[in-house]
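*Asks:* Submitted below is the structure of interest, expressed as structure tokens.
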Amino acid sequence: MKIVIVGCGKVGSSIANQLNAEGHEISVVDTNPMAVKRLSESLDIMGIEGNGATYDVLSEAGAQTADLVIAATARDEVNLYTCFMARSAGTPHTIARVRSPEYTNDLHRVKDYLRLSMSINPELTEAMEISRLLRFSGALEIDSFSKGAAELIKVRIPDNSVIINKKISQIDNLRGKIRICTVERGNDVYIANGDFVIESGDLVSIISKPEIAAKFFKKASLNIARCHDVIILGGGKVSYYLAKLLMKSGVNVKIVERNEERCNSLSDMLHDATIIHGDCMDQDLLLSEGIESVDGVVALMDYDEENILISLYIQSVSQAKIITKVNNESFDSIIDNLGLQHVINPKVLTGEYIARYIRAMQNSLGSNVETLYKLHEDQIEALEFRARSTSKIVGKAIMELNLKDDLQIICISRAGKVIIPHGNDMIMPDDLVVVITKHKGLNDLDDILNRR
């Protein structure tokens, strides 16, 4: 697809990196000439210096023939106007980055008038991801399929688990309602079959309905309990959205924020949360607020260094699930050696969210990928396809299919019902089919078959 991205800041750059890696034709626009040069040269894409909210600059960037314009500048108003102008220039689809809660709440009123295909709120997206992780406090990653009906959940196997030293075929799968899909051991990743033996310390990903997964974790002696008490460090937009999501599901929330004026605003907006005016780096304050006994802690301060340092301290005094926000991707190599439990990069999350939307758009242009997640440091992909009536695999038992090596069909969703498939199950037209594979570049469900 031909895509124009207006805004070369952190969000725009992350989106450009993600979409360029997936083979799209990208052009970028920004008023900052150095930002344009840096991004266009690093990705070898076309860069335009200028105001992307104007018709002439959008035309120069190719908006008339583009499939999509993404407005990702720092200002909501500019992004919304850019999308309006892009549609005037002839672009069929537009996406606007909209951060303000006030604008987010009102977008449904003007979406059709602005002819906006989609809006993305990076802070809300980040809050939703964190909320999902806190639902299973012991989970390392959670990826959802079929609009949340099925989830792929990664956990570490503790020393006391009853599934240690057992073959996967010997593990109670709750009458076929869960499947162990991948196992990460050291630097190796396996798409596991029934003969694979689980060991202590393995990172295991299972797929199931969320409520079934909870039963499996309990039966397998995996402590993946839901959080009941959470402390959020920092009172920015993400904290506001996250607190609302957590409280809606019955979680007790405390927010620590050093700015008194912001504390007052949060108190007005979040009546059921406890707002504490204080320094998030004050260890005595955190101890007095029960940091040692809470289920979850989320470090969402403005500076990556503070988030990293306080997370390391909390790990030394608490058994809580700790989630750390880090914006700077250049810290990745350092973070890998620090042993932080879970790191969230808001810009990467935004890029992945938009990429998933674009994959859905491509269904009408030849690709049949509805959802794609890159797992285990990009060694494995989990893809969701929509089965078409013309597909070669429709109406055949899975055991009869000549599937590629290092690939498994792990889930089928049919009319809202989640099926963990076995050899006798068949894929029917319009099913959503989830596969995991080490192969890259699968665009259609029939690509899972060996060609020979």
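*Asks:* Checking I164 against (1) aliphatic (A, V, I, L, M); (2) under 18 Å from I380 (Cβ atoms); (3) in a loop (DSSP other than H, G, I, E, B), which test does it fail?
*Replies:* I164 satisfies every listed condition except (2).
*Asks:* State yes or no: is K147 basic (K, R) and at positive phi?
*Replies:* For K147, the condition - basic (K, R) and at positive phi - is met.
*Asks:* L407: in contact (Cβ under 8 Å) with a residue 40 or more places away in the chain, aliphatic (A, V, I, L, M) and within 24 Å of N187 (Cβ to Cβ), yes or no?
*Replies:* Criteria met by L407.
*Asks:* Determine whether segment 149-156 contains at least one residue that is of a type outside the set (S, T, N, Q), modelled with pLDDT under 85 and touching a Gly at 6+ places or on another chain (Cβ under 9 Å).
*Replies:* yes
*Asks:* Working only within segment 407-429, note down all residues that are in a loop (DSSP other than H, G, I, E, B) and either in contact with a strand residue (DSSP E or B) (Cβ under 7 Å, 6 or more places away or on another chain) or within 19 Å of C181 (Cβ to Cβ) (or both).
*Replies:* I420, P421, H422, G423, N424, D425, M428, P429
*Asks:* Let me ask something additional. Only one of I130, I95, I153 is part of a helix (DSSP H, G or I) and crowded, with 23+ Cβ neighbours inside 10 Å; which?
*Replies:* Checking each option against the conditions leaves just I130.
*Asks:* Limited to segment 294-312, what total is found for residues that are free of Cβ contacts under 8 Å to residues at least 12 places away in the same chain and part of a loop (DSSP other than H, G, I, E, B)?
*Replies:* Qualifying residue count, segment 294-312: 1.
The values are calculated or read from the model by the stated rules, or taken from the named source; none is laboratory data. Source: prediction; values computed, not measured. Every residue, glycine as well, gets a Cβ built from its backbone with ideal geometry; the counts of neighbours run over all protein chains shown.
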